[in-house]
Amino acid sequence: VLEQVRHAFFAVAFVARADEIGDVHRHRARRRLHCGGGIAASAGATAFLVHARNAILKGLSPKENREVPPLKYEQVYALKRDFPELTIVINGGVTNHEAIAAQLERVDGVMLGRAAYHNPYLIAEAEEYVFGEAAPQRTRAEIVEALVPYAEAQLARGVAMRAIARHVLGLYHGA
């Protein structure tokens, strides 16, 4: 089965070129990707984190790859429709509470990448917004205050302050 899974993951690269190769090959690529999901599931995988944006391996920088290729949410939704027993978590382009809620109507989970990095408080607010359950949360000031002992300990170990501070630069975004 492992050999089949290894070959099935080739479908991810194949799908990345699907727009260049026409409808017949695009259909085969999708079928192969679905087959890969089925094979991985038969090998025991129950959850799949699926990025909705194809990476273009030649000609785009990593930053451009996060912005230029179109998001293909329908392909992720098709995986969920075809494998309803699997947990499908979508990633790519989700930047606010409304988008999180909309995605959760179609898939089982949402992975926040850059949005959470640029606005870390988005996660603190998400539980209440999406599920209507108030979650105990700290204020932004309390988070910064709690970070001080950690930062002091890391500085004593020789970690540069910029390596600590860069992860909270977006904390007051939207405040």
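The values are calculated or read from the model by the stated rules, or taken from the named source; none is laboratory data. Just so you know, these numbers come straight off a predicted model, no measurement behind them. Here the Cβ is made from the backbone with ideal geometry for all residues, glycine too, and neighbour counts use every protein chain on show. Heavy atoms of the whole protein, side chains included, go into the accessibility calculation; ligands, DNA and RNA do not. Shrake-Rupley method; radii C 1.70, N 1.55, O 1.52, S 1.80 Å.
None of Ala45, Ala102 is under 30 Å from Phe131 (Cα atoms), assigned to a loop (DSSP other than H, G, I, E, B) and either at pLDDT below 90 or open to solvent by 30 Å² or more (accessible area, probe 1.4 Å) (or both) except Ala45. Picking from residues in segment 105-117 that are in a helix (DSSP H, G or I) and loosely packed, with under 15 Cβ neighbours inside 10 Å, the one that is farthest from the chain's Cα centre (by Cα) is Tyr117. If only residues of segment 118-134 that are in a helix (DSSP H, G or I) and of a type in the set (A, V, I, L, M) are counted, the one that is most open to solvent (accessible area, probe 1.4 Å) is Ile123.
The residue that is modelled with the lowest pLDDT, counting only those in segment 142-174 that are in contact with a helix residue (DSSP H, G or I) (Cβ under 7 Å, 6 or more places away or on another chain) and open to solvent by 90 Å² or more (accessible area, probe 1.4 Å), is His173.
Residues in segment 59-79 that are modelled with pLDDT under 90, surrounded by fewer than 14 Cβ atoms within 10 Å (Cβ to Cβ) and in a helix (DSSP H, G or I): Pro62, Lys63, Glu64. Looking across segment 80-99, the residues that are over 11 Å from His51 (Cβ atoms) and open to solvent by 20 Å² or more (accessible area, probe 1.4 Å) come down to Lys80, Arg81, Asp82, Phe83, Pro84, Glu85, Thr87, Thr95, Asn96, His97, Glu98, Ala99.
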